[in-house]
Amino acid sequence: MGVDIHHRGVSFTNNSKRAKCTMREYFAYRIQDRDHSFSLILNSRRQQHVLRCDSYENLRNQKAKGTTDISNVGQRVILHSSFTGGARYMLQNYLDAMSLCKWFGYPDFFITFTCNPKWPEIKRFLKDTSLQPEDRPDILCRGLSHSHICIFMHSDNKLPTVELIDPIISAEIPDRIEDPELYSLVNEFMVHGPCGAENMNCPCMVDKKCSKNFPKQFSNHSSVDQNGFPLYRRRNDGHFVEKSGVRLDNRNVVPYNKYLLKRYQAHINIEWCNQGSSIKYLFKYINKGPDRATVAVIPTNNECENNDAVDEIAEYYDCRYLSACEASWRIFSYDVHCRYPSVVRLPFHLPNQQQIVYGEDDDIDDVLDKPSVAASKFTAWMECNAIDSEARKLTYVEFPTKFVWILNGRFWKRRKVGKAIGRIHSVSPKLGEAYFLRFLLNKVKGPTSFDDIRTVNGQTHSSFRDACYKLGLLDDDKEYIDAIKEASHFGSGFYLRFLFATLLMCNSMSKAEVVWENTWEYLADGILYRQRQRFKSAELSLGVDELKNLTLFEIQQILLRNNSTLKNFKNMPYPDVESVSSSNNRLITEELDYDVLVIKNDYDRMFLALTNEQRNIFLNIMSAIQENKGGVFFVYGYGGTGKTFLWKTISVAIRFEGNIVLNVASTGIASLLLPGGRTAHSRFIIPFELTEDSFCNINPDGELASLIRKTSLIIWDEAPMVHKHAFEALDRTFKDLLRCVNSTISNIPFGGKVIVFGGDFRQILPVVPGEGKLGGPNDGETIIDIPDDILINDSHDPIGSLIEFVYPSILENYSDINYFQERAILAPKNEVVQEINDRLLKKFPGDEVEYLSSDSICESEFLHDQFDANLYSPDVLNGLKVSGLPNPKLVLKIGVPVMLLRNIDQKNGLCNGTRLQVLSLGKRVIEAHIITGTNIGNRTFIPRMSLTPS
């Protein structure tokens, strides 16, 4: 480093496999200091290729159809997980870190190591120059600029209790007489502050508080708080240091290790972290991604004289920020993340469903003819099993411990050196067969084909789900058969079909076809009667096959309304749709299926009721639609100012003209207020896990893509409730879908579609814990007097008084729907909600019915040994009460109001937040009717459903 490599005696080698160096290697060469040579790195960049991704099978089908242009086939990809610093890159590193925990338990220590620019090596290098250490980031990063390190101790050396950490971690100032060297180092590197009242300008100060929560509290013993974070011993022993004229004691000491501090003489913070509740936070912190900066594009003086209109929004860019140290680190190709042992990511796929990444300009024959396309790491594993007896002793996740993947040759060979563990990519339960394939990959050893994976006890099953069922990895479906039979005693076939569709969408049944065969006669109830009414023939009879077909068609319609289909459930029979419906685009047909006469009357009435401001907005939006030039509008208004009425007026105006308007909202409850409303996530298939480069999962050749192309207007209500990445994903997707209609729309927002956002930013709550309102002014501290008329004073039982005030005479009124529509109690914590619910429940007449959850660890996850399985016994899982998961016990009575916490069928008003009242309580199913929204009175059956948290 820093020495001219061209001198006498340098040996020549031609062992390199490449004849040319890469751009990074060239810059790494040019950045070095050399005698009589000036070092300069020129700014350069190149346009990233536009990439797309699709399955091998689909590309083969496209070729069979004669397709040659694949620029609009598959999904567009912005940044792959291999892009260093990208969101997917960080997520994969986080998952790798969690995989280490599965094999070795939790890490014991978390170390933050910061470079000391005063190290003698750095000073010695710069002594003959006028430069400061910060002027040479390439020198700093050769040592260590900044690193986060997690250390896993051997089982014999672990510190299971917090009392054992005091000899290793100290958060106290040493005695100046006994250890003057350590005292000096702690004073220089490990004391935080002064901050707070003594120094309000300290960088750590946010909203007049230290963001690092200094000073800490004195403590005579180390302990762990309720969130799993350690509280170190900080005795009030009188030791102190003085900085900027302020005395700082043990409360301001950053935890350190005495040996490391003396050895490296730099800021080295060490934390004890062997607690499960803090591990995820720790790994997410390490992999939180790059710094960001908002950059403005400023024109030169000459350009300022141009009077053309300026797009002020487009002038600002949200950029990744790389400091000089980090840029140098990356040029030298130093590791950004490093793990030992390494984690090998193991992709898998269904037969011929491996994902292929290709460029938009690539020829389909060139893509399919590549040797690496038909082969994958997953299929190569099965090929290795066929020729190596040692390989057949391992599961897929265990395979990297004994074998290594050779990328150039695309094959596995026995590992000779090093150590590695495997991590199988995770998939959603909604992916069906792929999800059950992952189950089997954690159990099956040495398969040589997909058929081997599906083989159990010598029998090859037709699906991976059946194989899982035979292995006992899935629950029995008798509960759901009994639930449908039980519901048939007090519900019609219409509600039973909806119940069956709900079980399908929630992925609750292990073998849906078995449940179907045992209950289809109940599900078909009412079908024959409707057909007799339709054809006006009381003597009409239907055969078994005809009756099954019509019943399946009704179930299919329910699934289609919720972005699902019977085709997603292997072995479930599929209806002969041609015998009962046309082959037109169902989504377009639904959006055009309105009574024109009713629409006209609604439009005439509503347009006359518009205010001047509403009418002005109406005319501007309609003008943009008629001119077909696109446009993005935002209607900002307080709650109750008429935004929803405006949406309805615009909708009937467009539908009266025979055009399509898509009404969406950010929440299920808000979508129920819009005509034909849906949540934005369900309508446009927006990913729940969003990144800065996400796309919506819309097939360019599918029905939804055709619907979007024919849509005249999109209205998105309560838009401020979702993250900006959702809008960016929709924008990228629309541009990609619509460029086949008009190739010039790549720079037009949302591909030239007219889209209207609405909402009230003042309804947005803080979303960053502890950070307060984003962008809001700090008005300081004050005392607010709450008026007596909204307080409960002088009550020995405040909760009881509150219940009596909100729900008076509940026994006389509980059967009245209006009584519960007008009342609700808001509480800040789930514990308070539970207490109020328990006390209210006792006021209702009748017997209590108790429903219990059935909790278990997902079988698709790899458990290292039986000890891990015992850690997550049903008793432990039943004791978990966390946000996002229901409590393990539900107690109800007939007549009590309940709230749905899951989107089931938005078109029929059943979504997250819908309030219902219980009508009957069965052993396997609950009957209730809706008491709020636009579907008041609609009945439904709610079974026990599977819930897999992400």
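Here, each number is a calculation from the coordinates, and none is a lab measurement. In this text, all values refer to a predicted model and were calculated from it rather than measured experimentally. All Cβ positions, even for glycine, are placed from backbone atoms using ideal geometry, and neighbour counts span all protein chains on display.
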Subject >> Estimated distance in nm for a label pair at Gln821 and Arg235, the labels positioned 7 Å out from Cα along Cα-to-Cβ >> reply: 6.9
Original post:
Reachable lysines from Lys843, Cα under 29 Å, same-chain residues fewer than 8 places away excluded?
Top reply: Lys829, Lys881, Lys889, Lys893, Lys923
**OP:** For Val918, list long-range residues whose amide hydrogen, built 1.01 Å from N in the peptide plane, is under 5 Å from its own amide hydrogen.
**Re:** Gly895, Val896, Val898
Original post:
For segment 230-237, what does the Karplus curve 6.51 cos²θ - 1.76 cosθ + 1.60, with θ = phi - 60°, yield as ³J(HN,Hα) per residue in whole Hz, taken in order and with x for Gly and Pro?
Top reply: x, 10, 7, 5, 9, 6, 8, 9
**OP:** Within segment 402-429, which residues have the backbone N less than 13 Å from the label spot 7 Å out from Ile387 along Cα→beta-carbon, could you tell me?
**Re:** 406, 409-414
Subject >> Glu804-Leu791 pseudo-label distance in nm [points 7 Å out on the Cα-to-Cβ vector] >> reply: 2.0
Subject >> Highest to lowest packing among 100-111, 239-250, scored as the average C-beta count within 10 Å >> reply: 100-111, 239-250
Original post:
HN-Hα J couplings of segment 255-260 from phi, Karplus 6.51/-1.76/1.60, θ = phi - 60°, integer Hz, Gly and Pro as x?
Top reply: x, 8, 10, 4, 5, 4
**OP:** Using 0.36 nm per residue of separation minus the Cα-Cα distance, give me the extension gain between Glu121 and Lys430 in nm, one decimal.
**Re:** 105.6 nm
**OP:** Work out how much length Thr67 to Asp361 would gain on full extension: take 0.36 nm times their residue separation and subtract the Cα-Cα distance, in nm to one decimal.
**Re:** 104.5 nm
Original post:
Once you wrap a convex hull around the alpha carbon atoms of segment 107-205, what is its projected area averaged over all directions, in nm²?
Top reply: 10.4
Original post:
Can you list the GluC sites (Glu not before Pro) in segment 511-557 that are in a DSSP coil and have 12 or fewer other beta carbons within 10 angstrom?
Top reply: Glu539
Original post:
Going highest first, how would you order 928-934, 637-643 by mean Cβ packing within 10 Å?
Top reply: 928-934, 637-643
Original post:
Once the piece of chain linking Ser184 and Thr84 is laid out straight, how much longer is it, given 0.36 nm per residue of separation minus the C-alpha distance between them?
Top reply: 32.1 nm
Original post:
What list of ³J(HN,Hα) values in whole Hz, one per residue of segment 914-923 in order, does the Karplus curve 6.51 cos²θ - 1.76 cosθ + 1.60 (θ = phi - 60°) give from phi, with Gly and Pro shown as x?
Top reply: 5, 9, 10, 10, 6, 9, 8, 10, x, 6
Original post:
How far apart, in nm, are the 7 Å Cα→Cβ label points at Ala19 and Cys740?
Top reply: 4.2
Original post:
Which FRET efficiency value, to the nearest 0.05, is calculated for Ser564 and Lys485 with the Förster distance at 25 angstrom and r the Cβ-Cβ distance?
Top reply: 0.55
Original post:
Say the cut-off is 18 Å between C-alpha atoms; which of Lys393/Lys511; Lys158/Lys419; Lys430/Lys567 go over it?
Top reply: Lys393/Lys511; Lys158/Lys419
Original post:
If the viscosity is 0.692 mPa s and the temperature 37 °C, what translational diffusion coefficient in µm²/s does Stokes-Einstein give for segment 590-763 when Rh comes from Kirkwood over Cα pairs?
Top reply: 199
**OP:** Starting from segment 889-934, pick out the trypsin sites (Lys or Arg not before Pro) whose DSSP state is loop and whose Cβ has at most 13 other Cβ atoms within 10 Å.
**Re:** Lys923
Original post:
Mind checking Rg over Rh on segment 369-470, alpha carbons, Kirkwood formula for Rh?
Top reply: 0.98
Original post:
In whole angstrom, and with the biggest value first, how far do the Cα coordinates of segment 478-580 range along each principal axis?
Top reply: 39, 32, 22
Original post:
Per residue, what volume in Å³ does the Cα convex hull of segment 217-262 take up?
Top reply: 108
